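Values in this text are rule-based calculations from the coordinates and carry no lab data. Here the structure is a predicted model, which means the values were calculated and not measured. As a convention, Cβ positions derive from the backbone with ideal geometry for all residues, glycine included, and neighbour counts pool all protein chains shown.
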Amino acid sequence: MIYDVSHLTKVFGRGRHQVRAVDDVSFELEEGQITTIVGESGSGKSTVARMLLGLLPITSGTLTFRGKDVTHLRDRAEYWRQVQAVFQDPFSSFNQFFTVGKLLNRSMKLVGKEAGQQRLEESLGHVGMDLEVLDRYPHQLSGGQRQRVMIARALMMRPALLIADEATSMLDASLRVNILNVLTDLRDSLGMTVLFITHDIGQACYLADRVLVMEHGKMVEQGPTDEVIFSPRHAYTKRLLADVPKLHSALELEQP
């Protein structure tokens, strides 16, 4: 186990205006696996991701990363080297006046010039891009290429955990599959641990070793992917699966 999330809670507002965006959520991330949190908009899944990244303060609960309590870290520099993120909109992650090379050079400075050049080439190779992309500006790249550059930037830190928050939601169907395949390749070739946040349970089932289902801030179901697909226990999970035509047909075929 690489990450233990215990009784995580996030409350916004006070008094009568309180909103429990995340309510007593617990789960574990196993090293070298892809775990997906799936749920509709407002389920609290992205709030969980932001708390794990230290971008939102935690109301209560405990975060333990590789045996160390990281719930209230003050200096997160080393933590952020080991836990990297890829967000929903790759275009907004760029400085539009920077080439890809200049963007990635900023990450190179964090690891040293000599090691950085090697990591740059390796990281681009892992996401299926060559060095020619370094001279391009963001507007000269497709959405899928921009997202792959963002993944490459994260990989330059050689993180133990990659958190991808709705990383495919702004891409068309063919580009989504490319990004999902990049993530599975990272798991298979590098043994990387990935936490993938999505509203699409079809993507979750395609990608993940384990699926966690959230509704209204609560974790309503979690388990190995096959178990969640073919033996869902919670009504909300069943509804999400029924909304995916191919999965719905597969469920019918599996039933005796």
Item checked: the chain: angle of helix 245-254 to the longest principal axis, Cα-based, in degrees nearest 10 -> 50 degrees
Next item on the list: Just add up the charged neighbours of Ser93: K/R +1, D/E -1, any other residue whose Cβ is under 9 Å from the Cβ of Ser93.
Entry: +1
Item checked: Sum of side-chain charges, Gly125 neighbourhood, beta-carbon under 12 Å (Lys, Arg +1; Asp, Glu -1) -> -2
Next item on the list: Could you tell me how many degrees, from 0 to 90 and to the nearest 10, lie between the Cα long axis of helix 100-111 and the main elongation axis, the longest principal axis, of the Cα atoms of the chain?
Entry: 90 degrees
Next item on the list: Rounded to the nearest 0.05, what FRET efficiency do Asn95 and Tyr206 give with R0 = 41 Å and r taken as the Cβ-Cβ distance? Could you check?
Entry: 0.80
Note to self: Can you tell me the mean projection area, over all orientations, of the convex hull of segment 157-226's alpha carbons? Units nm², please.
What the structure shows: 5.4 nm²
Next item on the list: For helix 143-155, report the angle its Cα long axis makes with the longest principal axis of the Cα atoms of the chain; keep it between 0 and 90° and round to the nearest 10°.
Entry: 80 degrees
Check: Contour minus end-to-end for Ser169 and Ser231, with contour as 0.36 nm per residue of separation and end-to-end as the Cα-Cα distance?
Finding: 19.7 nm
Checklist line | For Leu175, net neighbour charge (Lys/Arg +1, Asp/Glu -1) across residues whose Cβ lies under 12 Å away | finding: +2
Item checked: Kirkwood-Stokes translational diffusion coefficient of segment 7-163, alpha-carbon pairs, 37 °C, 0.692 mPa s, µm²/s -> 188 µm²/s
Next item on the list: Would you mind checking Lys45/Lys102; Lys68/Lys218; Lys10/Lys68; Lys10/Lys102 for any pair whose Cα atoms are more than 30 angstrom apart?
Entry: Lys45/Lys102; Lys10/Lys102
